[in-house]
């Protein structure tokens, strides 16, 4: 290919704006050197990322106190923006944490039965925009 | 939520059909226990997955003989289909391999300069459809 493209680094505010606008992301885990990737519905609040899953799922198992990376993007013909949140996932258990999670109003594709809440506390948020 | 959803396992043929129809996926790696995730353009041929990247990129570094997981999906209002390919990535070097890769006609968002070809040899391909 001979066409040119430009890459711009997104600011942290732009990253969170994109994350707030999207509803579906992909969660990557790396337990035992084995990469796993899951499409997930998520919500953000106070710069924390919330997911819901069902008890006993692979996601629930892998996300416990684990390092994770969540990617969300906005793709158009000439512009592709992508944000990656790296951080630590934990399953929420206290009433206070669960109240904050439920206040996000997160709805998932899979519907009923998703009563495990997972919160990702970000260590690093990066994003970039490709234009051509 | 009280609505119901059904989950169907996709056949291997359905998985490859979805992979062939989509152009953007997300690649997860797990080097040193650290999950990384990259949005990527990819192509499939003969049930192998091809990516292009630039020399010296993090993706190129991580993909060398590494275990990877690539996810692609097709999301609509009432149906979400997602396929995950797990396998081993390698950077292509022989003329024969490069010819096969270039024959896919893979075009990337980032355009020029992507002269490293990566091939994923699948060990496992799984997919599912959520409907509600």
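Take residue A:54, push a point 7 Å out from Cα through the beta-carbon direction, and compare it with the same point in every other copy: 4.4 nm, smallest first. Between copies, residue B:21 shows label-point distances of 2.6 nm, shortest first, with the point placed 7 angstrom from Cα along Cα to C-beta. Shape class of the stretch B:1-47 from the Cα gyration tensor (axes a ≥ b ≥ c, square roots of the eigenvalues): oblate, since a/c reaches 1.5 or more and a/b does not exceed b/c.
Taking all Cα pairs closer than 8 Å and separated by 6 or more residues, the relative contact order of the stretch B:10-131 comes to 33 percent. Among B:37, B:91, the ranking by other beta carbons within 10 Å of each residue's beta carbon, starting with the fewest, stands as B:91, B:37.
From the alpha carbon centroid of the stretch B:77-111 to that of the stretch B:1-70 is 8 Å.
Between residue A:6 and residue B:131, the distance separating the two model label sites (each 7 Å from Cα on the Cα→Cβ line) works out to 4.7 nm. Placing dummy labels 7 Å off each Cα toward the beta-carbon, the span from residue A:76 to residue B:93 is 4.2 nm. Quick note on the stretch B:10-131: its Rg to Rh ratio, both from C-alpha atoms and Rh being the Kirkwood radius, is 0.96.
Length available on full extension from residue B:107 to residue B:61: 0.36 nm per residue minus the Cα-Cα distance, which gives 14.5 nm. When residue B:97 is represented by a point 7 angstrom out along its Cα-to-C-beta vector, the spacings to that point in the other copies are 4.4 nm, nearest first. Per residue of chain B, the DSSP helices (runs of n ≥ 4 H) give a summed -39500 (n - 2.57) that works out to -5000 deg cm²/dmol at 222 nm.
Can you bin the protein assembly as shown into rounded, prolate or oblate? Criterion: square roots of the alpha carbon gyration tensor eigenvalues sorted a ≥ b ≥ c, rounded for a/c under 1.5, prolate for a/b above b/c, oblate for the rest. Taking the square roots of the gyration eigenvalues as a ≥ b ≥ c, the protein assembly as shown is prolate.
We did not get these values from a lab; they are worked out from the coordinates using the rules stated. This structure is a prediction, so every number in the text was calculated from the model and none was measured. Every residue, glycine among them, receives a Cβ derived from its backbone with ideal geometry; neighbour counts consider all protein chains shown.
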